[in-house]
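Down below is the structure, laid out as structure tokens.
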Amino acid sequence: MADHWSAQRGEACVAAAVDGATEGLGPFGAAARLLQGERLQLPKSGSAAGDFEAACQALTMSVHPAVLSALQAAESGVVDIRGGKICDAGALSALLAALASNASLFALRFWQCALSSDGINLLSQALPESVTSISIGAEDDGVALSPLLKLPKLTTASLRCCAVATQEALAIEASLSTNPCLISLSLFSCGLGDEGAVPLLRSLRHNSTLTFLGLASNRLSDASARAVLEAVAPESTTNEAGKSGGEAGDKEDNGAPNRALTALDLSFNLIGGPGRRTLEEATAASPALERLELAGNPCLRAGPTASLSSAARKAIAATWEALGEQQRDEETDGVASDGQLAVAAMLCERVLAGTEVRGVGGADGEAASLAEATRRRIGALVALLPAPEELCAPLAELGSMAASRGFPLSQIEAAGEVLLEALSEVLGGEFSEEAAAAWREAYASAQQEIVAKYTPGQRSEFQFAAAAAPAAAASAAGDGEEQDQVQEGGGSLADGGGE
């Protein structure tokens, strides 16, 4: 690696190579002037590593080993420099000269290279237009990264694990609004917080090129989710947000709703249930926003079915609504006047068959009443799917009721498949595989909440009974066969005696 002495030596070599006075320029200013002249416009050697060595020789300085190694290992147009502490003007100057001589190198990556703000400025001034992708990672606090986003040909930028202060976030926002080519920007784990992310997200109303924005692991809350909605929703919606306390309701030119963004990564932040619902409003307002990443946010742990995707919840709601619209013929069914009640009746009949549960079942009137109550309960649970945190109480109540009446755990487990069978029978071909998968996942999540209300003793008892059931069934089958043999033998003796 380059040590402190070699860095100083490189900067001295740059200053010595510049024609004219360098007073007041500083080493990186001198490097910028040097790259504009002819001193480093060298004959191509056929390889970026060779051109880098030639540039170092022209500057009469030693070769930086980390940069040389990265250029020698460059594959598919990508130069990946890791941990090289490229902090001196000399090494950067030689690298930029090598890149200028090799247009096939289009992507430049730095990781823990101790780039300073001056170094970033040099890159923004002298990076060849052939380089369209740049990645800066794990840089020190206070490094100004925004100048890179002003590169006119840059299409992809990744600024990962860099401490970005609020003022620098505002500078990134300003650069983003003027860049005509940038289509992908990642600011993973940059410590933005809502203070840095909200202005950046709102500025998307003035951006028509960015298709991917990565803001994962930045301590973002529901306020940032609201900013996403403000960026993509019509102005009337953003005005409503302003009335509820946001700034978007102010009378100003907010620009047209963003329709360029197709993917937004908000994973591993602090977005809760309300924020998730706001983001779903945003995806509904902007059909172009097809991919929204929320993994690792509290909203996916807010309650039963919280992990269900928006599409899965919509599929369940659409299924239940379709059942309500499907009228049944009472003369042929004799059970229900609509699909919802038919499904509820099938569920009650098939799940309760063969069980002795206290306070359940009995006469036809009681069965009809139970089916109607089941229909209402399922409908209420479906209505709460958008707010998983509100499902805890009704499912806990259902679990307490089942536990207090001694309802077998095996039947609770079986009820999920019975429900799917009933839905399939009533809806027929309208019940898609996607909808079935959504109902199955939702029931599995709800089942955990219900079973949690059973005492450990009840769960052990039912588990023991379930384990013993196969042996009991086998024993009963054996007794039955033995009895049949006895009866057959007795019959033969009787017949023989009669003769």
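The values are calculated or read from the model by the stated rules, or taken from the named source; none is laboratory data. Keep in mind that what you see is a predicted model, and the values were worked out from it rather than measured. Backbone-built Cβ (ideal geometry, glycine too); neighbour counts: all protein chains shown. To get the accessible areas, we keep the full protein, side chains included, count just its heavy atoms, and leave off ligands, DNA and RNA. Shrake-Rupley method; radii C 1.70, N 1.55, O 1.52, S 1.80 Å.
If the segment from GLU325 to GLU129 were pulled out straight at 0.36 nm per residue, it would be longer than the present Cα-Cα gap by 64.5 nm.
Shown here for the stretch 74-179: GluC sites (Glu not before Pro) in loop regions (DSSP other than H, G, I, E, B) with at most 16 other Cβ atoms within 10 Å, namely GLU129.
When a/c reaches 1.5 or more, the comparison of a/b and b/c decides; with that in mind, is the stretch 45-128 rounded, prolate or oblate per its Cα gyration tensor? Cα axes put the stretch 45-128 in the rounded bin. Measuring with a 1.4 angstrom probe and ignoring ligands and nucleic acids, LYS44 comes out at about 150 Å² accessible. Per atom type, the stretch 17-142 shows carbon and sulfur on 45% of its accessible surface, probed at 1.4 Å. Averaging the sequence gap over all C-alpha pairs within less than 8 Å and six or more residues apart, then dividing by the number of residues, gives the stretch 95-171 a relative contact order of 32 percent.
Which shape class, rounded, prolate or oblate, goes with the stretch 272-319 when its Cα gyration tensor gives a ≥ b ≥ c as root eigenvalues, a/c under 1.5 marks rounded, and past that a/b bigger than b/c marks prolate? Taking the square roots of the gyration eigenvalues as a ≥ b ≥ c, the stretch 272-319 is oblate. Summing Lys and Arg as +1 and Asp and Glu as -1 over all other residues whose Cβ lies under 9 Å from the Cβ of LEU145 gives a net charge of -2. Which shape class, rounded, prolate or oblate, goes with the stretch 91-180 when its Cα gyration tensor gives a ≥ b ≥ c as root eigenvalues, a/c under 1.5 marks rounded, and past that a/b bigger than b/c marks prolate? Since a/c reaches 1.5 but b/c is at least a/b, the shape of the stretch 91-180 is classed as oblate. Surface listing: PHE106, PHE212, PHE431 arranged by accessible area from highest to lowest gives PHE106, PHE212, PHE431, probe 1.4 Å.
Phi angles of the stretch 442-457 translate, via the Karplus equation with coefficients 6.51, -1.76, 1.60 and θ = phi - 60°, into HN-Hα couplings of 5, 5, 4, 5, 5, 4, 4, 5, 5, 5, 4, 7, 6, 6, x, x Hz per residue; Gly and Pro are given as x.
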